[in-house]
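So the structure is just underneath, and the comments pick up after that.
Just so it is clear, none of the values below were taken in a lab; they were calculated from the coordinates. Since we're looking at a predicted model, the values are computed, not measured. A quick note on method: Cβ atoms are made from the backbone with ideal geometry, for glycine too, and the neighbour counts reach across all protein chains shown.
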Amino acid sequence: MTHQVHAFEPPERFVAGTVGPPGERTFFLQARGGGRLVSVSLEKVQVSLLAEKLEELLAEAQRRFGVQLPEAAPPTGGDNEPLDTPVDEEFRVGTLGLAFDVDTATVVIEAIAVGEAEVEVELGDADDDADEEPDEPDDDLDRLRVRLTPEATREFIERAKRVVNAGRPPCPLCGQPLDPAGHLCPRNNGYHR
């Protein structure tokens, strides 16, 4: 099966964004560069974890390799523009990979499509031949690969946090998202809040 690698090294723009109203948002990673535009969809929790792990990766790169990190971007600064249109989903992200390239002092982000191979690996038979090399579950899956400077990574992190936090506010009692009409709160014995 053929697969496509959408590589942006570096992109003109790489952002996390959403389409739709709060509560019904679809999250995307979008890369633009060289006349190309690639959008991949993912879950809100994946965007949140990506931002968190990128911060950890930058801190580790600074600690281990002495990489100079930019100051945290002000919350109002940076790219606040909407996603570029058309937002056509290339694939749904199943796996995110991160690396720091010491030679170029850049962060490499790889978003790999969800695939049936992941299910096959999890459900593999215990009686399989142990000498056999297992295939990589994502060898034949589409992927988006982006290479960012530490400054661009910091800007991506700040925007991703803003996008995640721009949704519905949490209920002060149970933490579940509040709809504009309220919600049935389990901590309030099921009464409307």
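Using the Cβ-Cβ distance between E89 and N189 with R0 set to 41 Å, the FRET efficiency from 1/(1 + (r/R0)^6) comes to roughly 0.50.
Counting charges near D84 (Lys, Arg +1; Asp, Glu -1) among other residues having Cβ under 15 Å from its Cβ returns a value of -2.
One decimal place: the segment V45-L98 gains 17.5 nm when fully extended, by the rule 0.36 nm per residue minus the C-alpha distance.
Database remark: amide H of G94 closer than 5 angstrom to the amide H of I112, A113, V114 (H placed geometrically; neighbours at sequence offset of 5 or more, or on other chains; Pro and chain starts carry no H). Available extension along the chain between E60 and A166 is 35.3 nm, counting 0.36 nm per residue and deducting the alpha carbon span. Hydrodynamic estimate: the Kirkwood radius of segment 1-107 over Cα pairs, inserted into Stokes-Einstein at 4 °C and 1.567 mPa s, corresponds to D of 83 µm²/s.
Here's how it looks for V67: its modeled amide H is under 5 Å from those of Q62, which are all 5 or more places away or on a different chain.
For H6, the residues whose amide H sits under 5 Å from its own are R143, L144, R145, ignoring neighbours fewer than 5 places away on the same chain, with H placed 1.01 Å from N.
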